1. When you scan segment 5-49, how many residues do you find that are loosely packed, with under 15 Cβ neighbours inside 10 Å, part of a helix (DSSP H, G or I) and of a type in the set (Lys, Arg)?
2. How many of the residues in segment 159-174 are surrounded by fewer than 16 Cβ atoms within 10 Å (Cβ to Cβ) and either in a helix (DSSP H, G or I) or of a type in the set (A, V, I, L, M, F, W, C) (or both)?
3. Suppose we filter segment 1-57 for residues that are basic (Lys, Arg) and in contact with a Ser or Thr (Cβ under 9 Å, 6 or more places away or on another chain); how many remain?
4. Taking the condition of being of a type outside the set (Lys, Arg) and either within 15 Å of ASN75 (Cα to Cα) or in contact (Cβ under 8 Å) with a residue 40 or more places away in the chain (or both), how many residues in segment 9-45 meet it?
5. Please give the number of the condition PRO159 fails out of (1) modelled with pLDDT of 85 or more; (2) under 18 Å from the mean Cα position of the chain (by Cα).
Amino acid sequence: MKDNDWQPWLIRMSQGDEEAFRTVYEATRDRAYGLIYYLAPRKQDVGDIMNEVYIELLRSVDKYRPEQPFEAWFNGLIVRQVRNWKRKGWRLFRIAEKLRLTSSGSIDAAADNRLAAVCDRMALSPLLQKLPHNAREIIVLRYYKNCSLEEIASLLNIPLGTVKSRHHHALKKLRSQFDSQEGGKERNGYVYRI
C-alpha cells in the first residue's frame, strides 16, 4: 500500500472498525514479524511482542499524521514496543536482585547474584500472581513502573505507612515463595532457586 492509501483504513480503524483493523493487520503483519524477530531479545517472545505492537497500534492510531510515511511511523512503534519488552525483562531482573539482596542481607553480594538473578527472573512472574492484589499492585508499581513509595501512596490514595507495610510484606512473601521453590543451584556458597 502507498502512504496515502493507509489514511482511510487508519481513520476507520480509529473509529473501531474491525474490518479496517484486519486489513491493516494483514498488510503489515509479515513485515512487523520480521522486524520484531530481529530486534527481540529472545525469539520465544516474538509472538507476545507482536500482540503488544498491535494493541499499541490500536491505542495510538489517532496520533498518526498523514504527512509522515506510515511504514516509518509503524516501524517506530515496533521499535518502542521491543524496547518496552526489554525493559520489562530488566525490571524482572531488578526484582530478583532485590529479593536476593534482602534475603542475603548483603549489598556486596549483588555482583555475585546478578547472573543467577537473570535465571530467576522468569520464575518471579508466577510468584507475583500468587500475591494478594493490593500487594501485587505495590510490587508492580515499584519495580515495573519505577514509582517511589511516595508516588505509590499518592497514586493509590493510601497512607505512605500502608504502602511501606504492604511493600515489606509483599517482598517477604515473595522471598518465602522464591526460597521454597523446589530445585536449587549452588554458586559461590549460595543456593539459588530456579
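The values are calculated or read from the model by the stated rules, or taken from the named source; none is laboratory data. Keep in mind the model is a prediction, meaning the values are calculated, not measured. Cβ placement follows ideal geometry from the backbone for every residue including glycine, while neighbour counts extend to all protein chains displayed.
1. Adding up the residues that qualify gives 4.
2. As a first pass, look at segment 159-174 and keep what is surrounded by fewer than 16 Cβ atoms within 10 Å (Cβ to Cβ): 159-162, 164-165, 168-169, 172.
If we keep only those that are either in a helix (DSSP H, G or I) or of a type in the set (A, V, I, L, M, F, W, C) (or both) too, we end up with 160-162, 164-165, 168-169, 172.
The qualifying residues number 8.
3. Restricting attention to segment 1-57, the residues satisfying the condition of being basic (Lys, Arg) are 2, 12, 22, 29, 31, 42-43.
From what is left, the residues that are in contact with a Ser or Thr (Cβ under 9 Å, 6 or more places away or on another chain) are 12.
So the count comes out to 1.
4. So in segment 9-45, the residues of a type outside the set (Lys, Arg) come out as 9-11, 13-21, 23-28, 30, 32-41, 44-45.
Right, trim to either within 15 Å of ASN75 (Cα to Cα) or in contact (Cβ under 8 Å) with a residue 40 or more places away in the chain (or both) and you get 10, 13-14, 24-25, 27-28, 30, 32-41, 45.
The number of residues fulfilling the criteria is 19.
5. Result: PRO159 passes all but (2).
So that you can scan it fast, the table gives a plain yes or no per residue for (1) under 23 Å from GLU56 (Cβ atoms); (2) surrounded by 16 or more Cβ atoms within 10 Å (Cβ to Cβ); (3) at pLDDT below 75:
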{"site": "GLN68", "(1), (2), (3)": "yes, no, no"}
{"site": "ARG80", "(1), (2), (3)": "yes, no, no"}
{"site": "ARG83", "(1), (2), (3)": "yes, no, no"}
{"site": "ILE95", "(1), (2), (3)": "no, yes, yes"}
{"site": "ALA109", "(1), (2), (3)": "no, yes, yes"}
{"site": "ASN113", "(1), (2), (3)": "no, yes, yes"}
{"site": "MET122", "(1), (2), (3)": "no, no, yes"}
{"site": "LEU131", "(1), (2), (3)": "no, yes, no"}
